[in-house]
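The block underneath contains the structure these notes are about, expressed in C-alpha cells.
Throughout, read-outs are computed from the coordinates displayed, never taken from laboratory work. As the structure is a prediction and not an experimental result, all values here were calculated from the model. Here the Cβ is made from the backbone with ideal geometry for all residues, glycine too, and neighbour counts use every protein chain on show.
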Amino acid sequence: MKKIITYIKESYNELVYKVSWPTRAELSNSAVVVMFASLIIAALIFVVDGAFEAVMRFFYNQIF
C-alpha cells in the first residue's frame with residue numbers, strides 16, 4: 001500500500017511541478033492545426049476512394 005501512495009504522490013508532483021502545460025492560445029492553435037490536417041486527410045481519402053471506385057467499376061464493366 002505504501003508503494004501505491006508513493007506513486008500517487010510522485011505522479012502529482014510531476015504533473016504539478018515538472019510538466020509544462022500549454023497556454024490557452026497554444027492549445028487553440030494546435031486544435032486548429034489538427035482540424036485542418038484532419039480535413040485535408042479526409043479529402044485525400046475521399047479522392048482516392050473515388051478513384052478506386054472508378055477503376056473497379058471500369059474493370060467490372062469490362063468483365064461482366
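Annotations for the structure displayed:
- The charge dipole of the chain, taken about its Cα centre with unit charges on the Cβ of Lys, Arg, Asp and Glu (plus for the first two, minus for the last two), comes to roughly 420 debye.
- Computed from backbone phi, the HN-Hα couplings of the range 22-39 come to x, 6, 4, 5, 4, 5, 5, 4, 5, 5, 5, 4, 5, 5, 5, 4, 5, 5 Hz, rounded to whole numbers (Karplus: 6.51 cos²θ - 1.76 cosθ + 1.60, θ = phi - 60°; Gly and Pro given as x).
- FRET efficiency, 1/(1 + (r/R0)^6) with R0 35 Å, evaluated for GLU14 and VAL34 via beta carbons: 0.85
- Tensor-based shape of the chain (alpha-carbon gyration tensor, a/c under 1.5 rounded, otherwise prolate or oblate): oblate
- Listed residues TYR60, ASN13, ILE45: farthest to the positive end of the dipole of the chain (Cβ charges): ASN13
- Helical mean residue ellipticity (222 nm; -39500 (n - 2.57) per DSSP H run of 4+; nearest 500) of the chain: -29000 deg cm²/dmol
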